[in-house]
Amino acid sequence: MAERKNTDFDRPGGYAMPKGATQVQRRAAAALAEADIRLYGDIATPHEPPVLDDLRPTHHATGPDTRVYVGDCRDVLANLPDRGSVDLIFADPPFNWDVPYEEWNDGMARAAYERFTFEWLDGCIDALTPTGALWVNIPDDTAAEIVVHLKRRGLTMINWCVWHFRFGQNRNSSFIMSKVHALYFAKDPDARTWNPDAVLEQSDRASIYRDPRTMAKGENKGMRVPMDVWYGKYWGRIQGNNKERRHNHHNQIPEVYLERVILACSDEGDLVLDPFLGSGTTVTVARAWNRRSIGIEYSQGNAASAWERITDVGMLRKGASVGGSSAIFDKRSGA
């Protein structure tokens, strides 16, 4: 079938943008909420969160309001006084890869792990404002189940991004894994907070080709919104002697990743939540950019270490995610 060029746009010198993707996702969110979709985790025994009348943060600071709660995130989310008023949630959950996370069991049976996943996702959905956004950082083996569950709960996918890193674990039994999925969902795609100008990077047209068309734009000359595959300087896995590294924390995410998410999807003063605090990256970055924040951590020891980072160390690479170039080639000769 011959491709028909889309001419329904007003962009002199540029290219047509497919306009169906967001509309399709919006329709899918409406349709799947009514569908009887069954996943493996649906058969597992559900968790019943207790009523916690005296829920209080284990750590608390002001300027802006910053709180860390210790406990099972499903229990904390169910009893959080801020339910329904969280603007942005970023979740980097345990992957169930049998990693030694102090008290946490990271080797659940598959059905139990999926049930756990659906339950904390539901707690996050209930915590969000009607205009809130949810990001989930997850590898290949559970990405599909999370996408289907969020769609059947009526959320709309905005982007399926990929965090790419160059140093995956070496293997010869298959291709080396060098990515994790960054799933971006919103309750209302038309009313969500979206700040594209806050996260612009240099376009390849400017940094490689010196294309005069990108410099002729009325604003943001030579810049673009980042693509949905994220890589570049400071975007690698946090390991070795990286100055961001927090010892005894596994699978730490770089600050630039959280900076991009927080700047793009929240405003100053907004409330950001991380149900799996870990080393504290989300709350550290949120505090540095004057967002109120809540972290939930299962381990008392991890929470104390993260709190030291949040309040004493702070963000080390503020602004590093903005304005640079992710081009993989040098400037073309003669450009």
When segment 27-61 is checked residue by residue, the ones that are more than 22 Å from ASN79 (Cβ to Cβ), more than 25 Å from the chain's Cα centre (by Cα) and surrounded by 14 or more Cβ atoms within 10 Å (Cβ to Cβ) are ALA44
Scanning segment 188-210 for residues that are over 26 Å from LEU150 (Cα atoms) and hydroxyl-bearing (Ser, Thr, Tyr), the one surrounded by the fewest Cβ atoms within 10 Å (Cβ to Cβ) turns out to be TYR209
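Can you find a residue in segment 42-62 that is more than 27 Å from VAL86 (Cα to Cα), assigned to a loop (DSSP other than H, G, I, E, B) and among the basic types (Lys, Arg)?
Looking only at segment 42-62, we keep the residues that are more than 27 Å from VAL86 (Cα to Cα), and these are 43-45.
Next, from what is left, pick out any that are assigned to a loop (DSSP other than H, G, I, E, B): 44-45.
This time we only want the ones that are among the basic types (Lys, Arg), so: none.
Within segment 42-62 (the criterion being more than 27 Å from VAL86 (Cα to Cα), assigned to a loop (DSSP other than H, G, I, E, B) and among the basic types (Lys, Arg)), the answer is no, since none of the residues qualifies.
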Lone unmet requirement of (1) touching a residue at least 24 places away in the same chain (Cβ under 8 Å); (2) surrounded by 13 or more Cβ atoms within 10 Å (Cβ to Cβ); (3) touching a helix residue (DSSP H, G or I) at 6+ places or on another chain (Cβ under 9 Å) for ALA143
(3)
Check GLY319, GLY301 and return the single one that is surrounded by fewer than 23 Cβ atoms within 10 Å (Cβ to Cβ), within 16 Å of HIS249 (Cβ to Cβ) and either among the small types (Gly, Ala, Ser) or free of Cβ contacts under 8 Å to residues at least 40 places away in the same chain (or both).
GLY301
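One residue is enough: does segment 226-235 have a residue meeting the conditions free of Cβ contacts under 8 Å to residues at least 40 places away in the same chain, surrounded by 13 or more Cβ atoms within 10 Å (Cβ to Cβ) and not small (Gly, Ala, Ser)?
Checking segment 226-235: not a single residue is free of Cβ contacts under 8 Å to residues at least 40 places away in the same chain, surrounded by 13 or more Cβ atoms within 10 Å (Cβ to Cβ) and not small (Gly, Ala, Ser).
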Only one of these conditions is not met by GLY84: (1) part of a loop (DSSP other than H, G, I, E, B); (2) touching a Ser or Thr at 6+ places or on another chain (Cβ under 8 Å); (3) at pLDDT below 95. Which number is it?
(3)
Looking for whichever is free of Cβ contacts under 8 Å to residues at least 24 places away in the same chain and exposed (fewer than 14 other Cβ atoms within 10 Å of the Cβ) here; the options are GLY269, GLY240, GLY222. Which one fits?
GLY240
Members of segment 298-335 that are closer than 19 Å to ILE238 by Cβ and in a loop (DSSP other than H, G, I, E, B):
SER299, GLY314, MET315, LEU316, ARG317, LYS318, GLY319, ALA320, SER321, GLY324, SER326
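The values are calculated or read from the model by the stated rules, or taken from the named source; none is laboratory data. The structure presented is a predicted model; accordingly, all values stated were derived computationally and were not measured. Positions of Cβ are generated from backbone atoms using ideal geometry, with glycine treated the same way; all protein chains shown enter the neighbour counts.
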